[in-house]
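Report on one structure; see the data block that follows.
The values are calculated or read from the model by the stated rules, or taken from the named source; none is laboratory data. Keep in mind that what you see is a predicted model, and the values were worked out from it rather than measured. All Cβ positions, even for glycine, are placed from backbone atoms using ideal geometry, and neighbour counts span all protein chains on display.
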Amino acid sequence: MFSGEWRYIYKSLAEITSSVDIILPTSVSIRYNIFKQLVNAEDRADSEANKKFPIYDKYDIIEENLEKYTDYNRLLYDRYKLEVFHNFNIQPILYIKIVVEGVKNNWINLN
């Protein structure tokens, strides 16, 4: 998955596709919107994981929450990023291509 973690799905939800079926949207503005939504998904995951398992208090790191925060954060990363791909009806395998294009074009700093 996007977080680098393994996830399992029901076999009935999986389908075989050919590489011909896996293409990036031709519109740069759509790819830009996908990239921005992926960044927002990361921010959302970070925020929600920190609410559930805060890793900082006023003065220091909360050691006992670090592992829980990390595990929950990765789960949310995968969930929210997968939602972005479902919303745009594109294959998640295109993730790296969109991220590379976004970084190269400095989309992270555009409004």
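Is it true that residue 63 is at pLDDT below 95 and either within 20 Å of residue 1 (Cβ to Cβ) or surrounded by 15 or more Cβ atoms within 10 Å (Cβ to Cβ) (or both)? Spelling it out, it is not the case that residue 63 is at pLDDT below 95 and either within 20 Å of residue 1 (Cβ to Cβ) or surrounded by 15 or more Cβ atoms within 10 Å (Cβ to Cβ) (or both).
Which residue is nearest to the chain's Cα centre (by Cα), if the candidates are limited to region 72-87 and must be modelled with pLDDT of 95 or more and surrounded by fewer than 16 Cβ atoms within 10 Å (Cβ to Cβ)? Once the filter is applied, the top-ranked residue is 83.
Of all residues in region 24-70, exactly one satisfies the criterion of being among the hydroxyl-bearing types (Ser, Thr, Tyr) and closer than 12 Å to residue 101 by Cβ, namely 32.
Could you check how many residues of region 24-51 are among the β-branched types (Val, Ile, Thr) and touching a residue at least 60 places away in the same chain (Cβ under 8 Å)? Of the residues in region 24-51, 2 are among the β-branched types (Val, Ile, Thr) and touching a residue at least 60 places away in the same chain (Cβ under 8 Å). Can you spot a residue in region 92-104 that is under 12 Å from residue 2 (Cα atoms), at pLDDT below 95 and surrounded by fewer than 12 Cβ atoms within 10 Å (Cβ to Cβ)? Yes, that holds for at least one residue.
Can you tell me which residue is nearest to residue 33 (Cα to Cα) among those in region 58-111 that are hydrophobic (A, V, I, L, M, F, W, C) and not in a helix (DSSP H, G or I)? Per the criteria, the residue is 110.
Name the single residue, out of those in region 33-51 being among the small types (Gly, Ala, Ser) and within 15 Å of residue 2 (Cα to Cα), that is nearest to the chain's Cα centre (by Cα).
This residue is 41.
Residue count for region 1-36 under the criterion of being of a type in the set (Val, Ile, Thr) and closer than 16 Å to residue 85 by Cβ: the result is 6.
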